[in-house]
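Here is the structure we will look at, set down as structure tokens.
The values are calculated or read from the model by the stated rules, or taken from the named source; none is laboratory data. These numbers come from a predicted model, not from an experiment. Reconstructed Cβ throughout: ideal geometry from the backbone, glycine too, with neighbour counts over all protein chains shown. Accessible surface areas use protein heavy atoms only, side chains included; no ligands, DNA or RNA. Shrake-Rupley method; radii C 1.70, N 1.55, O 1.52, S 1.80 Å.
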Amino acid sequence: MVIPSKTHIALLASPGFGHFIPVVELAKRLAGLHGLTITLFAITPEVHPVQDELLRSATSSWPGLINTVILPYEEPTFPSNVDPVPRMLAMIRSVFPSLRSSISSMTEKPIALIVDHFGTEAIRAVANEFNMLKFVFICTNAWFLSYNLYLPYVKEVIKRGEPFYIPGCEPLVGDDIREFTFFPEYQTHKDFVHIGYDIASSDGILVNTWDDLEPETLLAFKDTRFMKRIVKPPVYPIGPLVRTGEPTGAKPEIFRWLDCQASGSVVYVSFGSGGTISTQQTIELAWGLELSIQRFIWVVRPPIENDSAAFLLTPMENDADGLISKYLPDGFLGRTRDMGFVVPMWAPQEEILAHGSIGAFFSHCGWNSSLESIVNGVPIIAWPLYAEQNMNATMLVKHLGVAVRPEVNPSKELVRRDEIAKMVRRVMVDEEGIGIRKRVNDLKERAKKALSEGGTSYNALSEVVKKIGD
Ligand code: UDP
């Protein structure tokens, strides 16, 4: 559905690629399929080459429809190893004055503001002031949305180790419960309670999932006996919105290497935009990959002790001096020369996952990574590290049957080389992998259907656009 052009809306993307990438994709879809004019505000410390390229691609894909504005944030004075949420919210808060003045100076003011999960304070601080419609885009799944919306209403005391029941979802057990967000003594919990109220005060909630991926959870939002009292705005499952690979002109070496590998024969190993593992775990992972005797691409970062999200809000240096190899076991690069490809710091993930030679994704289970794997029909080896990733891993393993995971939680305990090799072989070599591959390919087809014209996600986004246009 195309509404009259010149309907101008604003999107605000929080810092971090996990938010920025899906918000850019939403902007492209709203402009491309629905003809809206978009101002995309990006909150960033500095222009990162990848971010720069993404912004350029958004603007050039729909010239005249998408404008981008960079809002540089002030670095808050939190120690870097505390949970990143309060720090992230302080960064976002610091751009509100420039967001306000940018909107004030526009002759055609946007009539709606769409923020992601961490930008909800802008509903109170900015959107209300300009009398805008307010939407929240949850870049992760309906399960997480249900968790956050329900959190402010939890009255009973849940003790550590007890299961926690959320409407429309499997009970959370063990490490699925994220301590920082769940227990009242943490600042992050208080922040999540505010975010929960803010989401519920919006005019609509967009979620990066689709109807038949999480039917029970999406139904719970409409249950008048229960969740409906909390979730007053409508929930629109509009996903999966994933980054679409830009055609690369000259073919980088990594793709020339992939072109030479057999179909489905390579494991891609990466822990998202910010994930990090310890020195000892890096060594075990290297040995595990080598012992699996499978081909691999591994995005390697310098190990960091006791902080599994070290680069989430801290820009990475690129590895100009080739220092990455010093963290790997002696002789590893030489021994694996013919079977592996090590990429320092950052790789073009979406294009790699779309390559036919990829057979599995060894992933930290950030929701964007999970969706990128699903839409390319790639089985997952789940290695959750931070945020809601344990919850996502549980969904991928238990509900959807598209992943395997280690016995222990990799953000807390060392996973030994033998177990790593075994997990890789379960997916790549064993009978079990055949079923996993079949299920993930089935999800891939269902996702495609949901997004195509007349599909549930397409229709849900059309409803959002209609609400904005009315
Ligand atoms: N990403 C990438 N190259 C990398 C690491 C990450 O392109 O080397 C992209 C990835 O494709 C995904 C996003 O960064 O779109 C990471 O989002 P996700 O939700 O998976 O995890 P987060 O980084 O937020 O923890």
_Which numbered condition in (1) within 30 Å of Lys28 (Cα to Cα); (2) open to solvent by 20 Å² or more (accessible area, probe 1.4 Å); (3) in a helix (DSSP H, G or I) is the only one that Glu453 fails?_
(3)
*more than 8 Å from the ligand (Cβ to nearest atom), more than 13 Å from the chain's Cα centre (by Cα) and either at pLDDT below 95 or closer than 24 Å to Trp210 by Cα (or both), is that true of Ala354?*
yes
*Select from the stretch 91-119 the residues that are modelled with pLDDT under 95 and within 29 Å of Glu179 (Cα to Cα) and list them in ascending order.*
Met91
*asked:* Just the residues that are touching a helix residue (DSSP H, G or I) at 6+ places or on another chain (Cβ under 6 Å) and assigned to a helix (DSSP H, G or I), please, taken from the stretch 404-435.
replied: Arg417, Ile420, Ala421, Val424, Arg425, Arg426, Val427, Glu432, Gly433
*asked:* Being among the charged types (D, E, K, R), over 30 Å from Ile92 (Cα atoms) and either open to solvent by 30 Å² or more (accessible area, probe 1.4 Å) or free of Cβ contacts under 8 Å to residues at least 12 places away in the same chain (or both) is the requirement here; does Glu179 meet it?
replied: no
_Can you tell me which of (1) open to solvent by less than 40 Å² (accessible area, probe 1.4 Å); (2) farther than 18 Å from Leu172 by Cα; (3) not polar (S, T, N, Q) is the one Pro384 doesn't meet?_
(2)
*Counting only residues that are in contact with a strand residue (DSSP E or B) (Cβ under 6 Å, 6 or more places away or on another chain) and polar (S, T, N, Q), which one in the stretch 366-396 is nearest to the ligand (Cβ to nearest atom)?*
Ser369
*asked:* Among (1) away from the ligand (no atom under 16 Å from the Cβ); (2) under 28 Å from Asp211 (Cα atoms); (3) touching a His at 6+ places or on another chain (Cβ under 6 Å), there is one condition Leu113 misses while meeting the rest; what is its number?
replied: (3)
*Residue list for the stretch 28-68, filter: within 15 Å of the ligand (Cβ to nearest atom) and buried (at least 19 other Cβ atoms within 10 Å of the Cβ)*: Lys28, Ala42, Ile43, Thr44, Gln51, Leu54, Leu55, Ala58
_Filter result (surrounded by 10 or more Cβ atoms within 10 Å (Cβ to Cβ) and more than 16 Å from the ligand (Cβ to nearest atom)) within the stretch 323-336_ = Leu323, Ser325, Tyr327, Leu328, Pro329, Phe332, Leu333, Arg335, Thr336
